[in-house]
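Participant: Here's a structure for you.
The values are calculated or read from the model by the stated rules, or taken from the named source; none is laboratory data. Fair warning: this is a prediction, and the values are worked out from it, not measured in the lab. Cβ coordinates were reconstructed from backbone atoms using ideal geometry, including for glycine residues, and neighbour counts include every protein chain displayed. Ligands, DNA and RNA are stripped out before the accessible areas are found, and what is left, the full protein with its side chains, is counted by its heavy atoms. Shrake-Rupley method; radii C 1.70, N 1.55, O 1.52, S 1.80 Å.
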Amino acid sequence: MLLLFLCRFLTAFPSAKNYKGKDFPKLNKNIEVDVCVIGGGIAGINTAYYLAGRGLKVAVLEKNKLCSSTTGGSTGKITSQHGLFYDHLIKDYGEQYAHKYLQANEDAIKKYNELCKNIDCDFLEKDAIVYSLNRSDKINEECEVLKRINADFEFINKIDDLPFSIAGAVKFKNQGQFNSLKFVNGIVKDLKIYENTKVLSFDGESYVTNGGKITANKTIVATHFPIFNKFGFYPVKLYQDRSYVIALQDAKTVDGMYIDENLTGLSFRMYNDLLLLGGGAHRTGKEGGNWGELTKFKNRFYPSSKEVTRWATQDCMSLDSIPYIGQYSKTAPDIFVATGFNKWGMTSSMVAAIHRSTSSLPKWGLPGLF
């Protein structure tokens, strides 16, 4: 049975999209390592960083440039508050599971705090607020659940930063935000990374790439979508969801990180002097609000602001809202996976990394949780 776990994130910074990090070579020879990490997004890089720190010989294979996909499109919210999620966790998995989920994400936030002290990545400690426009009952239910698992939260019924009234909101204090690409550039210095290196097949002993072969004792698949379809059945367990962002200059600033409890609602956070307005989300291939919804909101509530850039990103969503972090399949005991972060990839990727690095590889997952 696959080990399941965590999380959520939306879309990135104008400067992150254009940020130039270090270049890495293409694999052009055959090599052997302890662990091969396939996928150079933040999940793969975080995991490789902590495994290498344990003295393991690790190599990261990325088919394009590091963090050129979903990580490069992240708004960089670092939070253990993943929407109104803990009520769902308790109802479906129990109070103990919900408490451990919270603690795992809080541990991830602490790790980011430690690392970001020595990395120029625009890290700021911020409150995270999930609001509801008309469902005070959902806010109240979440608050009751958070009390049961001893979460550090606050109920609020008014948000001065936002240009509309709310039915209620839940605030998590001491969360964080950063520039994901600058962060990655700060921790890759001593890692063995190969860019423009695509895994083409597995010949029974080694992974065949477009430049050489790599043999490994263990493999971690941290690609956006798991690349092996012969086992695991991920194509029927995951789907894609698209989100949109516009960056506004001269809009009213907000002090925290805000998001609507409704998955089709809006997201707000500052990056330097720019307001990042996110939303318009929809399942990939379906109709949704897109940028038109964001432009309409801008024209109504921030008419004097100027849009300086826009972008979109795509996230892997699991059917039960719990990411896959663990063994890829029973039939592949030496291959592990980290995917389906449900738009909360910043904390999820760190959860995968720190719990992978502090336990034996075959038992990836939170000790005692599965």
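Participant: Where residues in the range 308-326 are surrounded by fewer than 17 Cβ atoms within 10 Å (Cβ to Cβ) and of a type in the set (D, E, K, R), which of them is modelled with the highest pLDDT?
Facilitator: Of everything passing the filter in the range 308-326, ARG310 is modelled with the highest pLDDT.
Participant: Just the residues that are open to solvent by 80 Å² or more (accessible area, probe 1.4 Å) and assigned to a strand (DSSP E or B), please, taken from the range 187-208.
Facilitator: LYS192, LEU200, PHE202
Participant: Can you tell which of LYS237, LYS213, LYS230, LYS189 is modelled with pLDDT under 95, over 27 Å from GLY73 (Cβ atoms) and basic (Lys, Arg)?
Facilitator: Being modelled with pLDDT under 95, over 27 Å from GLY73 (Cβ atoms) and basic (Lys, Arg) holds for just one of LYS237, LYS213, LYS230, LYS189, which is LYS230.
Participant: Inside the range 249-297, can you point out the residues that are of a type in the set (Phe, Trp, Tyr) and farther than 24 Å from TYR86 by Cβ?
Facilitator: Within the range 249-297, TYR271, TRP291, PHE297 qualify.
Participant: Could you figure out which of (1) assigned to a strand (DSSP E or B); (2) more than 21 Å from VAL58 (Cβ to Cβ); (3) at pLDDT 90 or above isn't true of GLY265?
Facilitator: Single failed check for GLY265: (1).
Participant: Same structure again: Between SER349, SER329, SER305, which is farther than 19 Å from GLY44 by Cα and modelled with pLDDT of 85 or more?
Facilitator: Exactly one residue qualifies, and that residue is SER305.
Participant: Restricting to the range 234-271, and then to whatever is free of Cβ contacts under 8 Å to residues at least 40 places away in the same chain and out of contact with any Gly (no Cβ under 7 Å at 6 or more places or on another chain), can you tell me which residue is most open to solvent (accessible area, probe 1.4 Å)?
Facilitator: Looking at residues that are free of Cβ contacts under 8 Å to residues at least 40 places away in the same chain and out of contact with any Gly (no Cβ under 7 Å at 6 or more places or on another chain), I get VAL236.
Participant: So GLY211 clears everything in (1) out of contact with any Phe, Trp or Tyr (no Cβ under 7 Å at 6 or more places or on another chain); (2) in a helix (DSSP H, G or I); (3) in contact (Cβ under 8 Å) with a residue 40 or more places away in the chain; (4) not hydroxyl-bearing (Ser, Thr, Tyr) except one condition, right? Which one?
Facilitator: (2)
Participant: Let me ask something additional. Considering only the range 101-119, I want to know if a residue exists there that is in a loop (DSSP other than H, G, I, E, B) and open to solvent by 50 Å² or more (accessible area, probe 1.4 Å).
Facilitator: Looking for residues that are in a loop (DSSP other than H, G, I, E, B) and open to solvent by 50 Å² or more (accessible area, probe 1.4 Å), one finds at least one in the range 101-119, hence yes.
Participant: Condition (residue is part of a loop (DSSP other than H, G, I, E, B) and crowded, with 18+ Cβ neighbours inside 10 Å) applied to the range 136-149: is it met by at least one residue?
Facilitator: Within the range 136-149, one or more residues are part of a loop (DSSP other than H, G, I, E, B) and crowded, with 18+ Cβ neighbours inside 10 Å.
Participant: So, one more: Keeping to the range 29-79, report how many residues are among the acidic types (Asp, Glu) and surrounded by fewer than 18 Cβ atoms within 10 Å (Cβ to Cβ).
Facilitator: Total satisfying the criteria: 2.
Participant: I would also like to ask the following. Check LYS218, LYS230, LYS173, LYS182 and return the single one that is closer than 23 Å to ARG54 by Cα, open to solvent by 10 Å² or more (accessible area, probe 1.4 Å) and either among the basic types (Lys, Arg) or assigned to a helix (DSSP H, G or I) (or both).
Facilitator: LYS218
Participant: List, please: which pairs have Cβ atoms under 6 Å, are six or more places apart or on different chains, and start with a residue in the range 52-64 that is in a loop (DSSP other than H, G, I, E, B) and end with one that is surrounded by 22 or more Cβ atoms within 10 Å (Cβ to Cβ)?
Facilitator: Here the result reads LEU56/VAL35; GLU62/GLY40, each pair linking the range 52-64 to a residue that is surrounded by 22 or more Cβ atoms within 10 Å (Cβ to Cβ).
Participant: Separate question: Can you tell me which residue is farthest from HIS99 (Cα to Cα) among those in the range 141-160 that are of a type outside the set (Asp, Glu) and in contact with a strand residue (DSSP E or B) (Cβ under 7 Å, 6 or more places away or on another chain)?
Facilitator: Ranking the qualifying residues of the range 141-160, first place goes to ILE159.
Participant: Another question, then. Given the residues ASP152, ASP122, ASP127, which is the only one that is touching a residue at least 12 places away in the same chain (Cβ under 8 Å), open to solvent by 20 Å² or more (accessible area, probe 1.4 Å) and on the phi > 0 side of the Ramachandran plot?
Facilitator: Going through ASP152, ASP122, ASP127 in turn, the sole match is ASP122.
Participant: Among residues belonging to the range 301-353 that are in a strand (DSSP E or B) and basic (Lys, Arg), point out the one that is farthest from TYR244 (Cα to Cα).
Facilitator: Filtering the range 301-353 for residues that are in a strand (DSSP E or B) and basic (Lys, Arg), the one farthest from TYR244 (Cα to Cα) comes out as LYS306.
Participant: Give the number of residues within the range 279-300 that are part of a helix (DSSP H, G or I), open to solvent by less than 70 Å² (accessible area, probe 1.4 Å) and out of contact with any Gly (no Cβ under 8 Å at 6 or more places or on another chain).
Facilitator: 2
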